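The values are calculated or read from the model by the stated rules, or taken from the named source; none is laboratory data. Computed from a prediction, not measured in an experiment: that's the story for all the values here. Here the Cβ positions follow ideal geometry from the backbone for every residue, glycine too, while neighbour counts run over all protein chains shown. Protein only, heavy atoms only, side chains kept; ligands, DNA and RNA dropped before computing areas. Shrake-Rupley method; radii C 1.70, N 1.55, O 1.52, S 1.80 Å.
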Amino acid sequence: MYRPVDLARAHGLSAQAVRNYEQAGMIPPAARTVSGYRVYTDNHVGALAAYVALLQGYGYSAAGEVMRSVLRGDLPSALAMLDAAHVLLQRDRETLDRVASAAVVLASAPPAGAAPERPVSVGVLAHRLGVTPATLRKWERAGVLAPARSGTARAYSPEDVRDAELAHLLRRGGYLLDHIAAVIEQVHTAGGAGPLADSIDQWRERITARGLAMLTGSARLAEYLSFLELTHGNAAASHDGR
């Protein structure tokens, strides 16, 4: 038998956090003493260990939904949510690989001409790149470019021109527009094409850490499911024996 503080200490939590998790359905409801104090068991210990581990890899929303599904006996839904999270992680890996490949292209590309100091129109930018205005509008719809508007006309800032030149370079390299949009976003996050390689390394480290955390969370959940199966089996055997 355990108190809220006993469960809390094992994970560096507060006793109130444990009570909150119980109220939110992440761990089973606790029995109460005559005086109204919560009493937790090994069932709660295992559920809390699984939930805390799932948090690290899957996040609050997914971890909570997984535990609530498990506790109401809906294991297929819980597993489906874990599967969906792994699909997203794989997509992140694929995007990272595409961005890393694009960084190699950028590093070997000749320097572009000086960007204009003032915003330019769609026609001027199209002429600069040797494409049609319709192409630039298509890139905008794909999330590659996001020019401001001057009235109803598009106004491409020097940063927009840089992004357009980068997109044009990658497009010639055979990259799809959604891939290019991901690269542009990473360039913005990194603060330019120069620091992109460092941001890729950091991004890869974060994905690796998340993948390892998912493994740990899944392992703790598997341990808890084994505990439930064992205790339910013992309870059934005891009932049959009577």
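Summary table
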| item | result |
| --- | --- |
| Verdict on GLY73 being assigned to a helix (DSSP H, G or I) and either open to solvent by 50 Å² or more (accessible area, probe 1.4 Å) or in contact (Cβ under 8 Å) with a residue 12 or more places away in the chain (or both) | no |
| Test result for LEU82, open to solvent by 30 Å² or more (accessible area, probe 1.4 Å), in contact with a helix residue (DSSP H, G or I) (Cβ under 8 Å, 6 or more places away or on another chain) and at pLDDT 95 or above | no |
| Which numbered condition ASN20 misses (of (1) within 25 Å of ASP74 (Cβ to Cβ); (2) not in a helix (DSSP H, G or I)) | (2) |
| Single condition ALA24 does not satisfy, out of (1) among the hydrophobic types (A, V, I, L, M, F, W, C); (2) free of Cβ contacts under 8 Å to residues at least 60 places away in the same chain; (3) surrounded by 16 or more Cβ atoms within 10 Å (Cβ to Cβ) | (3) |
| Condition met for ALA53 (open to solvent by less than 60 Å² (accessible area, probe 1.4 Å), in contact with a Lys or Arg (Cβ under 8 Å, 6 or more places away or on another chain), in contact (Cβ under 8 Å) with a residue 12 or more places away in the chain and assigned to a helix (DSSP H, G or I)) | yes |
| Exclusive hit being under 26 Å from ALA10 (Cα atoms) and open to solvent by 20 Å² or more (accessible area, probe 1.4 Å), set GLU65, GLU94 | GLU65 |
| Pick from segment 198-225, criterion small (Gly, Ala, Ser) and touching a helix residue (DSSP H, G or I) at 6+ places or on another chain (Cβ under 8 Å), ranking: surrounded by the most Cβ atoms within 10 Å (Cβ to Cβ) | GLY217 |
| SER35 open to solvent by 70 Å² or more (accessible area, probe 1.4 Å) and more than 16 Å from TYR224 (Cβ to Cβ) | yes |
| Filtered residues of segment 170-183 (kept if touching a helix residue (DSSP H, G or I) at 6+ places or on another chain (Cβ under 7 Å), part of a helix (DSSP H, G or I) and more than 15 Å from LEU96 (Cβ to Cβ)) | LEU170, ARG171, LEU177 |
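For every residue, the table says whether it meets (1) within 28 Å of GLY211 (Cβ to Cβ); (2) modelled with pLDDT under 90; (3) open to solvent by less than 30 Å² (accessible area, probe 1.4 Å).
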| position | (1), (2), (3) |
| --- | --- |
| ALA102 | yes, yes, yes |
| ALA115 | no, yes, no |
| ALA142 | no, no, no |
| LEU166 | no, yes, yes |
| ALA181 | yes, yes, yes |
| THR189 | yes, yes, no |
| ALA193 | yes, yes, no |
